[in-house]
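Student: The structure under discussion is supplied below as structure tokens; questions concerning it will follow.
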Amino acid sequence: MQFVGHSYGGCVALHVALRRPHAIASLTLYEPSAFHLLRGIGAAGVEPFAEIEGIARETGTRVTIGDYRGAAARYVDYWGGTGAWDILLPNQQLALVRWAPKAPLDFAALIEEPSRPDGYAALHIPVLIMRGEYTPKPTRVVADRLTALLPDARLVVIAGAGHMGPFTHGREVNALIASRVSAVHLRISQL
């Protein structure tokens with residue numbers, strides 16, 4: 001089985017791979033949000049952890065007071081850049097407003113993930129980690145950290161992209177995904 005994941009989905013893929021390492025043939029991840037890793041890297045993780053914790057807290061506060069639209073707008077502008085919320089279509093905004101009450105739970109899962117950093121060394125599978133050139137610092141640091149922790153990881157930086165690179169730079173990101181999945185599939189079929 002090969003897993004492909006972006007952001008929260010990338011962290012879910014890592015979680016599953018750590019629990020079933022023999023069932024996974026490869027991981028292809030775009031900015032997996034494994035924010036729990038920021039705590040264990042000393043000074044390099046302090047600022048990025050404070051940044052993501054601040055966004056999580058602000059989103060959670062807005063949800064608590066019933067400002068789902070404000071929570072969704074802040075979330076989208078953080079990940080997509082200032083003004084990203086304003087360019088969404090009304091139906092897209094409405095879908096994100098409906099999702100907003102779940103945002104604090106998602107942040108908690110990413111920050112409180114119980115996997116230990118030393119556990120990643122047991123994943124002896126090919127891992128492609130992609131990140132945008134202009135991604136927020138927390139995901140940039142996580143991508144770099146995972147590349148160092150995983151025994152067979154390669155990091156690719158997508159020029160001009162941010163956290164939403166799979167959408168804004170879909171052609172390049174999809175080509176890398178397709179190439180990785182095909183190469184691993186070919187390797188498996190030759191065994």
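Values quoted throughout were computed directly from the atomic coordinates according to the rules given, and no laboratory measurement underlies them. Predicted model only: the values in this text are computed from it and were never measured. Because the Cβ atoms are built from the backbone with ideal geometry, glycine has one as well, and the counts that use them run over all protein chains shown.
Student: Quick one, can you get me the convex hull of the C-alpha atoms of the chain expressed as volume per residue in Å³?
Tutor: In the chain, the Cα hull volume divided by residue count equals 117 Å³.
Student: Could you work out how far apart the two model spin labels at A121 and K137 are, taking each label as a point 7 Å from the Cα in the direction of the beta carbon, and quote it in nm?
Tutor: 2.9
Student: Also, quick follow-up: Please list, by residue number, every one of the GluC sites (Glu not before Pro) in the stretch 17-114 that is coil in DSSP and has at most 12 other beta-carbon atoms within 10 Å.
Tutor: E112
Student: Taking a ≥ b ≥ c as the square roots of the Cα gyration tensor eigenvalues, with a/c under 1.5 meaning rounded and otherwise prolate when a/b beats b/c, else oblate, which class fits the stretch 43-109?
Tutor: oblate
Student: Here's something else I'd like to know. Given 0.36 nm per residue, what is the gain on full extension from A148 to Q93 after removing their alpha carbon distance, in nm?
Tutor: The A148-Q93 span can extend by a further 16.1 nm.
Student: Among 139-150, 71-82, 12-23, how do they line up by average Cβ neighbours within 10 Å per residue, starting with the highest?
Tutor: Peptide ranking by packing, descending: 139-150, 71-82, 12-23.
Student: Follow-up question, since we're still on this one. About the Cα centre, and with charges only on the beta carbon of Lys, Arg (+1) and Asp, Glu (-1), how big is the dipole of the chain? Nearest 20 debye, please.
Tutor: Charge dipole, the chain, about its Cα centre: 420 debye, nearest 20.
Student: May I ask for the net charge around V142, where only other residues with Cβ less than 10 Å from the Cβ of V142 are counted and Lys, Arg are +1 while Asp, Glu are -1?
Tutor: Once positives and negatives cancel, what remains is +2.
Student: If you don't mind, there's one more thing I want to ask. How far apart, in nanometres, would the label points at L105 and H22 be if each is projected 7 angstrom from Cα along the Cα-to-Cβ direction?
Tutor: Taking the two extended label points, one gets 3.3 nm.
Student: Using a 7 Å offset from Cα along Cα-Cβ at L155, what residues in the stretch 1-40 end up with backbone N under 15 Å from the label point?
Tutor: Those under the cut-off are 29-35, 37-38.
Student: Any idea what the relative contact order of the stretch 38-86 is, in percent, if you count C-alpha pairs under 8 Å spaced at least 6 apart?
Tutor: Relative contact order for the stretch 38-86 comes out at 21 percent.
Student: Another question, if that's okay. Nearest 10 degrees is fine. How inclined is helix 137-149 to the longest principal axis of the chain, computing both from alpha carbons?
Tutor: The angle comes out near 20 degrees.
Student: Any idea what angle helix 43-64 forms with the longest principal axis of the chain, computed on alpha-carbon atoms, 0 to 90 degrees, nearest 10?
Tutor: Its long axis makes an angle of about 50 degrees.
Student: To the nearest 20 debye, what charge dipole does the stretch 114-190 have about its Cα centre, counting +1 at the Cβ of each Lys and Arg and -1 at the Cβ of each Asp and Glu?
Tutor: Using Cβ point charges on Lys, Arg, Asp and Glu, the stretch 114-190 gives about 40 debye.
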